[in-house]
Amino acid sequence: MSATGLSDNVIPRADIVKRAARIGAEIRNIKLSGDLPDQTIAAINELLLENKVIFFRDQGHLDDAEQERFALRFGSPACHPTLGAIKGTASIIELDSVRAGSRADLWHTDGTFVDGYPKIAVLRGVVMPPFGGDTVWSNTVTAYLDLAPPLQRLADKLWAVHSNAFDYAIMPRASELDKKHLDEVFTKTIYQTEHPVVRVHPETGERTLLLGALVQRFVGIPKYDGQKLFDLFQSHITALENTVRWSWKEGDVAMWDNRATQHYAVNDYGDQHRVVRRATVAGEVPVSIDGQSSVTRIKTAKEPAPEVA
Ligand SMILES: O=C(O)CCC(=O)C(=O)O
Ligand SMILES: [Fe+2]
């Protein structure tokens, strides 16, 4: 049952199938489009807030334009700060396994190197391998609640610097080509943004842990100690009880609340082809439990690499 009961009137309870106790539900018998009634959109938003990630099978009718029209019923497009959108769309990016840098096999929240990073992502499975290639999401609200109260109080006070100038060289499964591509394309402009480690969710008021792969360091804490703290908090986010794993079929759609989750695309499908396309909805600037907003401290275009004669 949903918190307000709104979804019960519009989406029958029998069509909401929970996939794990703490996160994830599949919504059945709905055809996604940009033309769904307002009430249905509100019910989907409510199910999203409650379940953090929701799944829809059999959405093979969607093309890029319709996928984006559906996503934009929840807000305005979030254009990726350094990657171009697919032609004819405002926000859709494609991750194609044959292209360098398309395997998101790290726990992350999307786009946290800027202050108002995306609030919602809508991901469509376009080409799926016969085995492997699942995606896993974690609930960063229950991860916070799992912390012992003294650790919650510690997290409440911490701030972290997030950047896209990530050290791609440390990625365990990326090829040299992947690393070079990521370094060149993803970091055309370098951002550094300070976010509270505990973000108050703007719609639910829940406390969420805001960390993930783009964290560079904690403000005011030496790197060595910071790494241990990061590992401690992050280990609660990736605890299996806080996660749900989706085994994709082509035409599936996964929609997540990027303010209350992290995700990880499992890189276990070898050379098989896998393509997903993602529409993203712009998000609010995070606010800490004492009302302070995130700030982008640095935004600089990277010098082009010198020509080698
Ligand atoms: O490939 C996936 O399943 C997820 C990729 C990802 O991290 C994203 O779309 O934000
Ligand atoms: Fe992602």
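The values are calculated or read from the model by the stated rules, or taken from the named source; none is laboratory data. None of these values were measured; they are calculated from a predicted model. When we count neighbours, we look across all protein chains shown, and the Cβ atoms used for this are built from the backbone with ideal geometry, even at glycine. Surface accessibility is based on the protein's heavy atoms, side chains included, excluding ligands, DNA and RNA. Shrake-Rupley method; radii C 1.70, N 1.55, O 1.52, S 1.80 Å.
Restricting the search to region 119-134, which residues are crowded, with 21+ Cβ neighbours inside 10 Å and within 17 Å of the chain's Cα centre (by Cα)?
Lys119, Ile120, Ala121, Val122, Leu123, Arg124, Gly125, Gly133
To keep it simple, each residue is scored yes or no on (1) open to solvent by 30 Å² or more (accessible area, probe 1.4 Å); (2) part of a loop (DSSP other than H, G, I, E, B).
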| residue | (1), (2) |
| --- | --- |
| Asn29 | yes, yes |
| Gly34 | no, yes |
| Leu48 | no, no |
| Ile54 | no, no |
| Gly60 | yes, yes |
| Ala71 | no, no |
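Do we find that Leu182 is open to solvent by less than 40 Å² (accessible area, probe 1.4 Å), part of a helix (DSSP H, G or I) and touching a residue at least 60 places away in the same chain (Cβ under 8 Å) in this structure?
Here the answer is yes, as Leu182 does meet what is asked.
Among residues belonging to region 107-118 that are in a loop (DSSP other than H, G, I, E, B) and within 11 Å of the chain's Cα centre (by Cα), point out the one that is surrounded by the most Cβ atoms within 10 Å (Cβ to Cβ). Before you say what the answer is, go through the steps one by one.
Initial filter on region 107-118 (in a loop (DSSP other than H, G, I, E, B)): 107, 109-118.
With within 11 Å of the chain's Cα centre (by Cα) added as a condition, the list becomes 107, 109-112, 117-118.
On the way: Trp107: 18, Thr109: 29, Asp110: 23, Gly111: 23, Thr112: 27, Tyr117: 26, Pro118: 25.
Among those residues, the one meeting the criterion is Thr109.
Could you please find all residues in region 192-212 being open to solvent by 20 Å² or more (accessible area, probe 1.4 Å) and either assigned to a loop (DSSP other than H, G, I, E, B) or modelled with pLDDT under 95 (or both)?
Of everything in region 192-212, those that are open to solvent by 20 Å² or more (accessible area, probe 1.4 Å) and either assigned to a loop (DSSP other than H, G, I, E, B) or modelled with pLDDT under 95 (or both) turn out to be Pro202, Glu203, Thr204, Gly205, Glu206.
Kindly list the number of the only condition in (1) at pLDDT 80 or above; (2) within 19 Å of the chain's Cα centre (by Cα); (3) open to solvent by less than 40 Å² (accessible area, probe 1.4 Å) that fails for Tyr168.
Tyr168 satisfies every listed condition except (1).
Kindly provide the set of residues from region 230-266 that are polar (S, T, N, Q) and near ligand 1 (Cβ under 9 Å from one of its atoms), ordered by number.
Asn258
Quick one: Gln152 ticks every box in (1) open to solvent by 20 Å² or more (accessible area, probe 1.4 Å); (2) touching a Leu at 6+ places or on another chain (Cβ under 9 Å); (3) within 25 Å of Val281 (Cα to Cα) except a single one, so which number is it?
Going through (1) open to solvent by 20 Å² or more (accessible area, probe 1.4 Å); (2) touching a Leu at 6+ places or on another chain (Cβ under 9 Å); (3) within 25 Å of Val281 (Cα to Cα) one by one, Gln152 breaks only (3).
May I ask you to say which residue of Ser138, Ser102 is without any contact (Cβ under 8 Å) to a residue 60 or more places away in the chain, within 16 Å of ligand 1 (Cβ to nearest atom) and open to solvent by less than 20 Å² (accessible area, probe 1.4 Å)? I'd like the intermediate steps shown before the answer.
Working: Ser138 fails: without any contact (Cβ under 8 Å) to a residue 60 or more places away in the chain.
From the options Ser138, Ser102, the qualifying one is Ser102.
Can you find a residue in region 142-149 that is part of a helix (DSSP H, G or I), more than 19 Å from His263 (Cβ to Cβ), open to solvent by 20 Å² or more (accessible area, probe 1.4 Å) and at pLDDT below 95?
No, region 142-149 has no match at all.
Please list, ordered by first then second residue, the pairs with beta carbon atoms under 7 Å, 6 or more apart or interchain, first in region 17-39 and without any contact (Cβ under 8 Å) to a residue 12 or more places away in the chain, second open to solvent by 70 Å² or more (accessible area, probe 1.4 Å) and part of a loop (DSSP other than H, G, I, E, B).
Val17/Arg28
Restricting the search to region 133-148, which residues are among the aliphatic types (A, V, I, L, M) and more than 17 Å from Gly24 (Cα to Cα)?
Residues satisfying the conditions are Leu145, Leu147, Ala148.
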